[in-house]
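Novice: Sending over a structure as structure tokens; questions will come in a sec.
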Amino acid sequence: MTIKFLPASTAMMLAMVASAAVAQPNDDLRINQIQILGTHNSYSQGVDPQIMAMADAIIGPRMSQMAAQMPPAARAQYKEYHPNEVSMTEALNYRYGTLSDQLDAGMRSLELDLNRDPQGGRFLHPAAYEAARAKGIPENKLLPHDKTGLEQPGLKVMHIVDFDVRSSCNLFTVCLGELRRWSDAHPDHEPIFILLEAKSNPVPIFPGSKPPLPFTAAAFDEMDADLFKVIGRDRIVTPDMVRGAYPTLEAGAKAGNWPKLKDARGKFVFLLLTALDTHGLSGYVGGHPNLEGRAAFLESQPGQSYGAFLLMDNATMRAREIPDLVRQGYLVRARADIETWEAKTNDPSRAHQTFASGAQIVSTDFYKPGNAYGTGYVVTLPGGGAMRCNPVNADKACR
């Protein structure tokens, strides 16, 4: 529960009441009948302030111009995912420790952004650092950019190529290895939901910025191969498990054929986002209309054969839709805070709305006290712990 500046004794009392009032899930619940808290861009180490200031000066005017030129329908969609006017500095005003640290703190969802680098070395010299050097800022006066593994071929984990590149684990396989080691050390852990965003949309802020390489079917095959090899097939809840004997994946999800918690302990659920790239959709679904043989569930819309996982970040705007979709059997991700606005204004209302919506995966950038704004904003799971009974679709006895 998010609490605004309460005296310590009052906060402790409310925490005790919340803990007593929230029943803990039993192992016969399905994994779509729980609710967990996770982080957004979980690998991010933040952007150097000097580079950020340079980017804001360039992209700020562009963003205002782009928003002004949008037709009404596109503007409305944009506002759903970007509800507040924020600068680039504000939107990216967060950073994390290691993935293991977040799991130790009870986070049961993490997010990794994937960028193709089949030859290796594509991201060794970010345009932002070259622009800083041209401005007379030596690299040793910037926050360090760890280049470990960037010379190797394979998927790389970073937010915006050539700009927001500081990651706690550069190689996708290294990130996965860290997850597997943590899982091995905690064999009875709650299911961990990992969002994977296939990045393919260019954000050319600085001169010399390279466009991301598009995700092809072969690239997605590589991603799945990494997942199966490093995490292990026996540790992944796959779409095939949820489809079972049903004709489509969506039919299985809506029939409640998600694994029981007791069968999903020690396992991972991978959820694939493809941003604005429709080619990515065909690359992952082509030949796999129900994601047959795939490692990850794909962001979808109700009515699609592979419909099981929905991205509905704005639970304030979708306060009616999300509970209904959760009751139907879909798995939903929503955000407790968007682009740090809630931390800046110390406003917990979106977090409260998101937890109440029943979205199974709630993401935040502020899961522990202390933020760049100096406010008391922090998001924790109501009742404490790493998971709770879903307030919308769990059994009445559980709630």
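The values are calculated or read from the model by the stated rules, or taken from the named source; none is laboratory data. Since this is a predicted model, take the numbers as computed values, not measurements. Please note: Cβ atoms are built from the backbone with ideal geometry, for glycine as well, and neighbour counts cover all protein chains shown. Quick note on the areas: whole protein, heavy atoms, side chains included, nothing else; ligands and nucleic acids left out. Shrake-Rupley method; radii C 1.70, N 1.55, O 1.52, S 1.80 Å.
Novice: Got at least one residue in the range 196-213 being of a type in the set (K, R) and modelled with pLDDT of 95 or more?
Specialist: Within the range 196-213, none of the residues are of a type in the set (K, R) and modelled with pLDDT of 95 or more.
Novice: Give the residues of the range 42-83 that are hydroxyl-bearing (S, T, Y), assigned to a helix (DSSP H, G or I) and open to solvent by less than 60 Å² (accessible area, probe 1.4 Å), sorted by residue number.
Specialist: Of all residues in the range 42-83, those hydroxyl-bearing (S, T, Y) come to 42-44, 64, 78, 81.
Those left that are additionally assigned to a helix (DSSP H, G or I): 64, 78, 81.
Residue satisfying the conditions is Y78 alone.
Novice: Continuing with this model, one more query. If a residue has to be closer than 23 Å to R350 by Cβ and of a type in the set (S, T, N, Q) to count, how many in the range 50-80 make the cut?
Specialist: Qualifying residue count for the region: 1.
Novice: Which of the numbered conditions does A132 fail, given that it passes all the others? Conditions: (1) at pLDDT below 95; (2) open to solvent by less than 30 Å² (accessible area, probe 1.4 Å).
Specialist: (1)
Novice: Quickly run through the range 84-124 and pick out the residues that are open to solvent by 20 Å² or more (accessible area, probe 1.4 Å), under 19 Å from T173 (Cα atoms) and outside any loop (DSSP other than H, G, I, E, B).
Specialist: Listed by number, the residues that qualify are S100, D101.
Novice: Need pairs with beta-carbon distance below 6 Å; first residue among the β-branched types (V, I, T) and within the range 298-321, second open to solvent by 10 Å² or more (accessible area, probe 1.4 Å); sequence gap 6+ or separate chains.
Specialist: Cβ pairs passing all conditions: T316/R350; T316/Q353.
A quick yes/no check of all residues on (1) touching a Phe, Trp or Tyr at 6+ places or on another chain (Cβ under 7 Å); (2) touching a residue at least 24 places away in the same chain (Cβ under 8 Å):
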{"residue": "A351", "(1), (2)": "no, yes"}
{"residue": "T354", "(1), (2)": "no, yes"}
{"residue": "S357", "(1), (2)": "no, yes"}
{"residue": "Q360", "(1), (2)": "no, yes"}
{"residue": "F366", "(1), (2)": "yes, yes"}
{"residue": "Y377", "(1), (2)": "yes, yes"}
{"residue": "G385", "(1), (2)": "no, yes"}
{"residue": "C389", "(1), (2)": "no, yes"}
{"residue": "K396", "(1), (2)": "no, no"}
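Novice: Being touching a residue at least 24 places away in the same chain (Cβ under 8 Å) and aliphatic (A, V, I, L, M) is the filter here, so list the residues in the range 219-248 that pass it.
Specialist: Listed by number, the residues that qualify are A219, M223, L227, V230, I231, I236, V237, V242.
Novice: From E80, E111, E139, E85, grab the single residue that is of a type outside the set (A, V, I, L, M, F, W, C), closer than 30 Å to M223 by Cα and at pLDDT below 95.
Specialist: Unique residue meeting the criteria: E80.
Novice: Do we find that L142 is open to solvent by less than 40 Å² (accessible area, probe 1.4 Å), within 16 Å of the chain's Cα centre (by Cα) and closer than 26 Å to N371 by Cα in this structure?
Specialist: No.
Novice: Just the residues that are part of a loop (DSSP other than H, G, I, E, B) and either within 21 Å of E339 (Cβ to Cβ) or of a type in the set (A, V, I, L, M) (or both), please, taken from the range 147-167.
Specialist: Scanning the range 147-167 gives L150, L155, M158, H159, V161, D162, F163, V165, R166.
Novice: Please list, ordered by first then second residue, the pairs with beta carbon atoms under 6 Å, 6 or more apart or interchain, first in the range 177-192 and under 17 Å from A296 (Cα atoms), second in a loop (DSSP other than H, G, I, E, B).
Specialist: Sorted first by the residue in the range 177-192, then by its partner, the pairs are P191/K267; I192/R108.
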